[in-house]
Structure formats: structure tokens, C-alpha cells
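The values are calculated or read from the model by the stated rules, or taken from the named source; none is laboratory data. Note that this is a predicted model, so its numbers are computed, not measured. Reconstructed Cβ throughout: ideal geometry from the backbone, glycine too, with neighbour counts over all protein chains shown. Heavy atoms of the whole protein, side chains included, go into the accessibility calculation; ligands, DNA and RNA do not. Shrake-Rupley method; radii C 1.70, N 1.55, O 1.52, S 1.80 Å.
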Amino acid sequence: MQQLKALQLNQIRKSYQQGAEVLKGIDVAIQPGEFFVLVGPSGCGKSTLLRLLAGLEDVSSGEIYIGNEFANRLKPSERELSMVFQNYALFPHMTVEQNIMFGLHVKKIAKEEQRKRCEEAAEMLGLIPYLKRKPKELSGGQRQRVALARAIVSHDPICLMDEPLSNLDAKLRAKMRSEIRQLQRKLGITMIYVTHDQTEAMTMADRMMILNQGVIQQIGKPLDIYNHPQNAFVASFIGAPPMNMIPANVADSVLHITENWSMDVDIDWQGDVIAGVRPEHIQQAKSGTPSFTAEVVNVEMLGTETLISFEIQSGLQWTAKWQGQHQLNPGDIVSLFIDQNQMVFFDEKEKVNIEYQSLGAVQ
Amino acid sequence: MNIPNVEKQSMKLQTKGHKRHRRRFSFLEGWLYLLPSLFLFTAFLFYPMVRTVYLSLFYTDTQGKPMAFAGMENFTALLSSSSFLLSVKSTFLFVLYTVPVGVLLALGLALLANQKLAGIGFFRTIFSSTMGMSVAASSVIWMFIYNPSIGFANRLLTWFGLPEMQFLLDPSTALIAVAVATIWMNTGFTFLILLGGLQNIDSQLYESAKIAGVSTIYSLRKITLPMLSPTLFFVITVSMINSFQTFGQIDILTKGGPIDSTNVIVYSIYKDAFINYNIGSASAQAVILFLCVFLVTIIQFKLGERKVHYQ
């Protein structure tokens, strides 16, 4: 087995000749054998970062270390990494076998060993029956597997993936998600995976980095990020449906949300805040709990859960997620309850989670 | 579930007559759209073609009117005439000189111009500029270049210490000289088509090759050429047909001379038809040229089928 490799990025910046900076100082250390996901909305710079790592583009400033080696000036082929492209980049005129073995001769691998590796990879991905076919004779999922097989045969310690599942339908995507994850565990490679889909990020990542407009928003384990979003952007980006938010005011430990709804909260804060709550934390009120009422605007029944949209303020809709099936119709009045411990607060100006701000103050 | 089905069926019966009527109408409508191009093709292509084949079977007067049926005699006369056989030879040599070199040159330029460099647009414009130049204008330019006393070509030769040459007046160099001029004229078009083909190749294929670490030559051989093969095939076919039909530059530069060394078939047709007024023989030559081009193109398609990778 090849040696595991870590990656270290110091103050990576990238700007193109015309136009603004795409990446504005990225600092991150990726552990050996880690499944690391870069996630963000389109245009946030995540694909650019991946291309910088691959050596397909040069950084404007900053340092890249692969293993312990300074890698800024290494050619893509010298970085010992493989890459899976969004549209798979398969050679249409070559068979699956030729595609998988493409470029292996450069690494001075004997023909026999090449064939053995190709067969291993094809076996692992269930491609054995298709080895003699051309890519156009394969389905989308099979092409995807060929691209994965190509990344595996090189036995490189690092694998980069650029939105590899975005061309597949939803069902296949879910399947490939778990397959890629299992493959990465089995081979123990360091994986850097770019996606705009927060579900992919949540389900696959050991750790993930959320990028927006070239700036790191938060790095951490998926659940930590979900439960303790650093700022309002992360809170709304991670989680589906997104976190409900509303501008509110705290005065003497009482949170005033709307004219006729306020609740006691246990935070050390005075003044304007943005209050946020995840849909699953807006529960049906039982008798005796402090609650507020709202008129249902829309109901989505998903079988195991029900999504209820209601208007909390004119022009601002919230969504609640209740377990099970609830027979509700638009126009019904529901009683809702929110546990104050489940609420997240962001300061009004910087949109930063006040939990982190007080931490910062202590430090 | 059954009831609506039955209803539908009875409705189908009712509308069957209507449908047939409508189908006939849309059939006629389709022909109506085709009519203008059919008319133009018939007037300027199909009719002249049929007429040429017809005339090639007759002895004609100086007006081009058929006088007596000749059968195959125009053809047998041509095939035993040494001057026509020389024309055939010159034509094939001319194709051989112009097509491979022309396509390779344009491919080289296209590969260079396909780089992403600042100011590459300037070179792309320059390389394709001969496309915007008429055959007459470019022929005149080359006439000056080849001029024995003031021409640039001879000045270049003397600068290198070589003896001066009579490019267009020497039977052993005239055909090559015209071929060089033709390559230059055709480069623009061939270059532009090949550049378009190159730009259609997905850049991620090259990036993938870069990460694999293969050499530039290897990715040219294994990625660029196979991916470009449909375009190359098109360009080779078109260049070949063009080359078989070369007329303008020969008329301006050499008029088929010296000693018939550049008397390619099309020029020979022109001379027979409009100088000697021997329309029957000229038509027979045209038919032979047509068959040659047809044959070469078919061979090309048969060979190409195996080598070309359509996506």
C-alpha cells in the first residue's frame, strides 16, 4: 500500500488577470487518509482551489505542501495524485480498458502489472463485462465508474474529485455516494472532494470546508458544523430545508421575535440579533408548553416526515419538519413550540454566531 | 378503464379520412419548401451534369451542338492521346503536391494557434487571412514573387548564394511552383477548419493527460489526432476535390505551359471547350475527371471509415 499523504495550504490566493480575487487566503491542513469535502455555492472558488492543488493552474500567492514537500512548482504529474473530472474526461475513441490504463506506461509499470491493476480496479467497480466497450456504449453510472477506476489504477495517495456525481440522477447519486466513500476507506487514500450539494458534503465528509466568495466560512466535522454553524451563511447553506431565520431583539433575557411572540432565553446578549432555528426543532406544541400559533401556507408530505410552511411575518416563511404523517391543509392554524436551547443566534451586523463571539472574547 | 379506450377507437375511425388528407397536405407542403433549392440545383447542377454526359457521347460543331453520335469514341481518343495522359499525370501530381503538404502545414499552424497565449488572436487572423483573398489576387502576388528579374523568390536564392531559377518558365519546376502558391492560398481555409476542430476537443481530456503525465507527443498522437480525425477527414476530402478542380491560378500563372507541364485536366477542358471549340472531347474529359474524383472520394471514405472516430 502506498504511503498516506497529508496536504497543507498556507494563505492560498488566486486572482485572474482581469477581475477580482477568486480565493482570498485559504489556510487548511488536510490529514492523511481523510475524506475532505470542499463545499459552497457555484462560483465560490472551490473548483479553482482543486485545480490549484492538481497543478492545473498556478497560485497567485501562498504555499502548497503535499506530504512534506513544497509543491507550488511541481507539475501535475509530479504531485502523485489522481483526479476525477465532472464530465469524467473519458477518451471516446478508446475502450474502457484503454481508458483505465491510459498513462500508466509513464510510471514505468510493466505491461503485465498494468493489466493486473486494470483488472483489479474493474473488478472492484464491476466493470469486467465492459472492458472492451467504448464509453458511448455505457450508461452514465458506468462511465462514472470508469472514471473512478482510472483514478484508482495509478495507486496515487491523493485523489481529487470535481463534482463527480452531478451528472447522475438522484437515485444513482445516492448509490455512488456510498460506493465512493467505501472505496476511499478500503484504499485508504486522501480524498479531496468538491461539491455544491450540501447533502453530499454532510454524508460523505470526515471533515468539510465551506467556502463562499473565496473565503473560508467554516472547517469542521459535518455534525459540528450542522449543530454549531459559525455564521448565518453556513447555517442557511448546510441543512435541507435550510435553517429558519428572523431578525429579533433580546432585552433582559427575553427574546422578542414578533409582535405577539416572545420567549425567555438564557443568553448573555442585549440588542438586535438574528434568531435561527432548524426546521426539525419547531415542534407541535403540547398543552402546557409555551407556544405560538401560525397559519399553514403549504404542506409537503414525505412519508416519514411532513414539512409545514407557515408565515411568521408578512413576506417571511418558515418551515417546520415534523416526524410522521400529519393531515394538515393550507389555512389550518397550528400551535408551535421551540425549545430555546435549540435556537442559534447571530449578531445583527457581522452575522456571526454569538456562541463563537463569546468564545473569542474569552480567548 | 375499458370504456375510454373504446371511445378513443371510435374517434380514430372517424378521423382516419381527415388524417390521410392532412398527411397528403403536409407531404406537399414539404416539397414546397424544397422547391427553391431543387430549382436552383436542377438549373445549375443536375441539368449541366446530364448535358455534359450527353455531349460527351457526340461529335459537336463549334457552337457545341451535337452533330453525330460518337459513342465511346471521344473517350477512346482521349485515353490514347499522349497529351491527355500527360494532363492526367499532372493533375494527380498536383494533388499529391498540394494536399498532404497543405493539410500538414495547416495542422501545424492550427496546433500552434490553439495555445492559450496573449495576442494569439492576431496570429489566428494572420494564418486564416488567405481565406479572404481571391484566387486572382493571390495569383498576381505569386506572379510577382516568381518574376525572374524582380521576384522575391530569386532574390532569396541569390541571398543564400544559389543560382537564380525560372520558376514558371521551366517545365521541371512550373507545376511545383503553382502547387506552392496553391498551398499558400488554401492554408487559410484548412487552418480555420482544423482550428475549429481542435477547439471542440474537451480541455479536460488534456488536463487528465497532464495529471497522468504523458508526453506532449503522446497526447498529440493518442488524443488530439483521433479526436480531430473527423475534421481531418473532411479537410482532406475537400482539399482533394478542390485540388482536382484547380483552374484560376494555372490560368493566371502559366496558362497550362510550359510545354503542357501544368496543363491539368480542368485547364485542358477549358482549352478544348473555349479555345479549340471541341465541346464533345471537353465533355468527355469532364466526365473522366468526375469519375476520378468520385473514385478517389469513395476510396477515401472506405479507408477513412476505419480510422475516423465519430463521437
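Assorted remarks:
- Selection count, the range B:37-87, where residues are within 19 Å of residue B:267 (Cα to Cα) and assigned to a helix (DSSP H, G or I): 16
- Only one of the numbered conditions (1) part of a helix (DSSP H, G or I); (2) more than 14 Å from residue A:9 (Cα to Cα); (3) within 10 Å of chain B (Cβ to nearest Cβ) is violated by residue A:97, and that is (3).
- Selected residue (only one of B:97, B:59 is touching a residue at least 60 places away in the same chain (Cβ under 8 Å), under 26 Å from residue B:246 (Cβ atoms) and either in the same structural domain as residue B:282 (by TED's automatic domain parsing) or open to solvent by 80 Å² or more (accessible area, probe 1.4 Å) (or both)): B:97
- Some residue of the range A:41-57 being surrounded by fewer than 18 Cβ atoms within 10 Å (Cβ to Cβ), touching a strand residue (DSSP E or B) at 6+ places or on another chain (Cβ under 8 Å) and free of Cβ contacts under 8 Å to residues at least 60 places away in the same chain: yes
- Search result, residues across the range A:187-213 that are in a helix (DSSP H, G or I) and over 18 Å from residue A:31 (Cβ atoms): A:198, A:199, A:200, A:202, A:203
- Top-ranked residue in the range A:103-125 [being in contact with a Gly (Cβ under 8 Å, 6 or more places away or on another chain) and either more than 20 Å from residue A:147 (Cβ to Cβ) or open to solvent by 30 Å² or more (accessible area, probe 1.4 Å) (or both); ranked as nearest to the other protein chains (Cβ to nearest Cβ)]: A:106
- Given (1) within 14 Å of another protein chain (Cβ to nearest Cβ); (2) in a strand (DSSP E or B), number of the condition residue A:77 does not satisfy: (2)
- Here is the figure for the range B:214-229: residues that are over 26 Å from the mean Cα position of the chain (by Cα), within 11 Å of chain A (Cβ to nearest Cβ) and assigned to a helix (DSSP H, G or I) total 4.
Matching residues to (1) surrounded by fewer than 16 Cβ atoms within 10 Å (Cβ to Cβ); (2) among the hydroxyl-bearing types (Ser, Thr, Tyr):
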| residue | (1), (2) |
| --- | --- |
| A:275 | no, no |
| A:289 | yes, yes |
| A:299 | no, no |
| A:311 | yes, no |
| A:321 | no, no |
| A:330 | yes, no |
| A:349 | yes, no |
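- Annotation note: of A:90, A:172, A:160, A:148, the sole residue that is in contact with a helix residue (DSSP H, G or I) (Cβ under 6 Å, 6 or more places away or on another chain), of a type in the set (A, V, I, L, M, F, W, C) and more than 10 Å from chain B (Cβ to nearest Cβ) is A:172.
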